[in-house]
Amino acid sequence: MHISFLVLSVVVLFASPSFQKPHGNNHDQNQVSESKDFDYLVLRQIWPKTSCMFPGSHQCTIKNTVSSWVIHGLWPNYNVGFPSFCNKTDKFRPDLIQPIVADLEKYWPNLYTDTPLNSFWQHEWEKHGTCALSLKQVTNERDYFQMTLGLREKFDFGTLLEKASIVPDNSKSYELAEFINAIEKELAFAPVLSCFVEKESKRQFLAEMQICLNKSLEQIDCSEHNKAKMVAMRANEHEQQCSPKMPVHYPVLDRNQKIIFNF
Ligand code: AMP
């Protein structure tokens, strides 16, 4: 009697919709999050001088061709999280970007000259670019790089800062708000900044800045003013949120000292 009741209970439990639902939902959720289209884009730029100050084993070189803020990436994002490696068969092909390689070396350079020239572009295309293929403007790898170069030109952080008389200077520092206000004044919304704090000097250096764009490539507010849509800063291990309590250094590119070895 007891055993048949137990068997019957197990059968009823497995057959009931409420048992199947969580499993089915989890599965669906995973599928949806992998195949669903992204919500917005992050355009992130690097100040190369600060990037070459990061400790580590890379040989970092600011080549003569580089004289401005440079692209880190154009990254599709979900409102929570982000997709990556969206088309594993669409591998990076150097030949496709050959016609624009001079511009890429200038505005999207591989600063780590101990790695193959193409490796940074390969990483950005395969991890992030393949997730932008759902945009009507991006039908292939060349489109992705070309479009991102265009966005860097449109949202040229160096020029925007210069308009507010904020220029690289090794002997003075700025308030964090000066950077934010300068960009916010020129664009529709404030940027999100990240800084590198040098261990020895404990000084804070501006490292990267990012803005967000909708799928029509118009800027949207993802700064801390907009708590509802505040984008998480996706920095590397050397960067952190800039502290408003510390001065912010914006070092000159110092291209006389082109090769910096970090150990
Ligand atoms: P992501 O996954 O897009 O955040 O890219 C991070 C990867 O790109 C890391 O492997 C970094 O070491 C590398 N990286 C970031 N900036 C540069 C740069 N300017 N030159 C070369 N590699 C870089």
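Here the stretch 166-230 is treated as a sphere whose radius is the Kirkwood value from Cα pairs; by Stokes-Einstein at 4 °C and 1.567 mPa s it diffuses with a coefficient of 98 µm²/s.
The alpha carbon gyration tensor of the stretch 107-156 gives principal lengths a ≥ b ≥ c with a/c of 1.5 or higher and a/b no greater than b/c, which makes the shape oblate. Summary of the geometry: the stretch 161-189 and the stretch 94-132, compared by the centres of their Cα atoms, lie 28 Å apart.
Distance between the 7 Å Cα→Cβ label points at residue 188 and residue 96: 2.9 nm.
Based on the mean of other Cβ atoms within 10 Å per residue, sort peptides 165-173, 54-62 so the most packed one is first.
Output ranking for 165-173, 54-62: 54-62, 165-173.
Using only alpha carbons, the stretch 33-154 has a radius of gyration to Kirkwood radius ratio (Rg to Rh) of 0.96. Tell me the GluC sites (Glu not before Pro) within the stretch 184-217 that lie in a loop according to DSSP and have at most 10 other beta-carbon atoms within 10 Å. Listed in order of number, the matching sites are 200. Using θ = phi - 60° in the Karplus curve 6.51 cos²θ - 1.76 cosθ + 1.60, the 3J(HN,Hα) couplings for the stretch 179-190 round to 5, 4, 5, 4, 6, 4, 5, 8, 9, 6, 9, 6 Hz; x is entered for Gly and Pro. A Förster radius of 30 Å, combined with the Cβ-Cβ distance separating residue 241 from residue 171, puts the computed FRET efficiency at roughly 0.75. Label separation (residue 198 vs residue 142): 4.4 nm, computed from points 7 Å beyond Cα along the C-beta direction. Taking the empirical scaling 2.2 N^0.38 Å for compact globular proteins as reference, the stretch 79-222 has a Cα radius of gyration ratio of 1.18.
Read-outs: derived from the displayed coordinates by stated rules, not from any lab. All figures in this text were calculated on a predicted structure; none of them were measured in a lab. Heads up, the Cβs are rebuilt from the backbone with ideal geometry, glycines too, and the neighbour counts pull from every protein chain shown.
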